[in-house]
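What follows is a set of notes on a single structure, which appears directly below.
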Amino acid sequence: MTLDDLCWLQNWFKGQTDGDWEHSFGISVQTIDNPGWRVIIALKDSKSLSSFTPIFVDNNNTDWVRCWVEDGHFHGVGDSDKLCEILHVFRAWIDG
């Protein structure tokens, strides 16, 4: 992820807001105790829900990342170095 990716995510979020969506949905970025990251992003456009190919990379206990779409949400989890990668995977998928 670059600063450009972060600005992209900010603009994507702004584009989702419609006076309703942002009250019930949004973007969650959390730490997990592995240590690592968890990202959950609510999706408004159900058209793209089935087109995401899940990513499961488990090289070892300190080098892993998983991304998938489930129940109208993009999910990404990974080790402590993978936040940028998770956000980049989301952007690449949405920009298709």
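The values are calculated or read from the model by the stated rules, or taken from the named source; none is laboratory data. Here the structure is a predicted model, which means the values were calculated and not measured. Counting neighbours? That spans all protein chains shown, and the Cβs are built from the backbone with ideal geometry, glycine included. We work out accessible area using only protein heavy atoms, side chains counted, and drop any ligands, DNA or RNA first. Shrake-Rupley method; radii C 1.70, N 1.55, O 1.52, S 1.80 Å.
Miscellaneous remarks
- Label point of N11 set 7 angstrom out along Cα-Cβ; within segment 78-96, amide nitrogens under 15 Å from it belong to 91-92, 94-96.
- Average accessible surface for the chain: 62 Å² per residue, computed with a 1.4 Å probe over protein heavy atoms with every protein chain in place.
- Between 0 and 90 degrees, the angle of helix 3-16 with respect to the longest Cα principal axis of the chain falls at about 40 degrees.
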